[in-house]
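Values in this text are rule-based calculations from the coordinates and carry no lab data. Just so it is clear, the model here is predicted, and its values are computed rather than measured. Note that we place each Cβ from the backbone using ideal geometry, even for glycine, and neighbour counts take in every protein chain shown.
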Amino acid sequence: MQVSVESTSALERRMTVGVSVERIETEVNKRLQQTARRAKVPGFRPGKVPMSVIRQRYEDAARQEALGDLIQSTFYEAVVEQKLNPAGSPAVEPKSFEKGKDLEYVATFEVFPEFTVAGFESIAIERLQADVTDADVDNMLEILRKQNTRFEAVERAAENGDQLNIDFVGKIDGEAFAGGSAKGTQLVIGSGRMIPGFEDALVGAKAGEERVINPTFPADYQNLDLAGKTAEFTVTVNSVAAPQLPELNDEFFALFGVKEGGLEGFRAEVRKNMERELRQAIKSKVKNQVMDGLLAANAIEVPKALVSNEVDRLRVQAVQQFGGNLKPDQLPAELFEEQAKRRVALGLVVAEVVKQCELKPDDARVREMIQEMASAYQEPEQVVAWYYKNDQQMNEVRSVVLEEQVVDTVLQKANVTDKAVSYEEAVKPVEAPQAA
């Protein structure tokens, strides 16, 4: 086998492979002999068909199969010989495919980038420090109560925060428009669910009252036919209901699985969950900064094949998340390309850190993480046992732990500054940068 390799770009390789005719004929003959043992040809007993007949009938198919297998096997022999690490499948172009002659083909493919991860010292990390205070727990209790608000019918005029049941018909220039009418809609005044001015105009309305209101659609409204136009809505108020917050009692606590300990037991459970959320939020923000820093300090070119594969995965995820009748390949690739490039680059950089620093998942940390996740369930021991019986889930946990060990490795050399903040600030999601 003869092999030559040409670098056509930083990552693309053009490899020419030559396979001797003797090797080809050996493979063809091997297949013909296998065929002869099982071929059924009229006039001959199985296994007794003359090779000349077998060759006449089956040689073309045997040759095509042999050439396909030879291209596959010699490609991998060649990349091993040349110490290449392909990223994705090759594009194969036959150069010489004639019977009785050597096979020659060209395989074009990308390789994984070769690089050494560096620059840990240049990465700046702001690590948040926070505690869950009694006031934070009090605030969370109020949030939980509001999330379980019940509405009870009242005879008075509607106030901000009340829930109205309404029918409405919307018109623009005297003509009804699509989506502008509904019956029996539940609307909480002040929720911001309707266009600006709609909810405010219903303050003071009573059950049985009809009001005509004239809100204006925002200039940037998603329906361009309505954007910036003033509508006339005829609204009938069917009922007015006032919010009633649940009491902090055993019935309320039971909604969250707390059946013993009363208020103090419930507060302790809420605090435990908040502390778990706080740890995860701080850890996640540190990890994001580490990953951003690694990418900034190690700019690498990524194989197009890997980016394309990642785009396909993101398309599938998008369809699964948003549903509808779309198929993944109907979503434009450019919507996901930047995200895919980042994910591929980050995967390569993290893998190189693991390799350079000879990291392996720490078994104790794996178990600690599983126990942390299991503690959110009523029977944590069963959850832990389930993880240890499920290889796929265990591998996912090991991958997460390994990423945490990468973060810890970087933090040992990075420029880390601790910052004391409130619980709310620590758990607040990081806002995505605005598009230019």
Nearby aspartates and glutamates by direct alpha-carbon distance to K95 (threshold 14 angstrom, same-chain neighbours under 8 apart not counted): E104
Derived scalar couplings ³J(HN,Hα) [the stretch 117-126; Karplus, 6.51 cos²θ - 1.76 cosθ + 1.60; whole Hz; x for Gly, Pro]: 6, 8, x, 4, 5, 8, 7, 9, 10, 9
Degrees separating the helix 363-374 axis from the principal Cα axis of the chain, which is the longest one: 40
Residues with amide H under 5 Å from that of S181, placed H, sequence gap 5 or more: G170
Cα-Cα P(r), the stretch 19-145, percent of pairs per 10 Å interval: 10, 23, 16, 12, 9, 7, 8, 9, 5, 0
Least to most buried among D220, D329 (fewest other Cβ within 10 Å first): D220, D329
Rounded tilt (10° steps) of 21-38 against the dominant C-alpha axis of the chain: 80
The chain: angle of helix 51-81 to the longest principal axis, Cα-based, in degrees nearest 10: 60
Listed residue pairs exceeding 26 Å between alpha carbons, taken from K171/K206; K146/K272; K183/K206; K206/K229; K287/K389; K304/K327: K206/K229; K287/K389
Given [x] 19; [y] 56; [z] 29, the label whose value is percent of Cα pairs over 38 Å apart derived from this model: [y]
Per-residue [θ]222 nm for the chain (sum of -39500 (n - 2.57) over DSSP H runs n ≥ 4, rounded to 500): -14500 deg cm²/dmol
Distant-in-sequence amide H partners of V416 (H built 1.01 Å from N, under 5 Å): I125
Extension gain (nm, one decimal) between S73 and A242, 0.36 nm per residue minus Cα-Cα: 53.4 nm
Karplus (6.51, -1.76, 1.60) ³J(HN,Hα), θ = phi - 60°, over the stretch 101-108, in Hz, Gly and Pro reported as x: 10, 4, 8, 9, 9, 10, 10, 10
Percentage relative contact order, the stretch 150-244, counting C-alpha pairs under 8 Å, at least six apart: 41
Radius of gyration, Dmax [the stretch 150-244; alpha carbons; angstrom]: 13.3, 40
Computed E for Q371/R156 - FRET, C-beta separation, R0 60 angstrom, nearest 0.05: 0.70
Amide H within-cut-off set for R13, under 5 Å, with H built and near neighbours excluded: T8, F109, E110, V111
Table column - 3J(HN,Hα) (Hz), the stretch 169-179, Karplus curve with 6.51, -1.76, 1.60, x for Gly and Pro: 10, x, 9, 10, 6, x, 10, 5, 10, 4, x
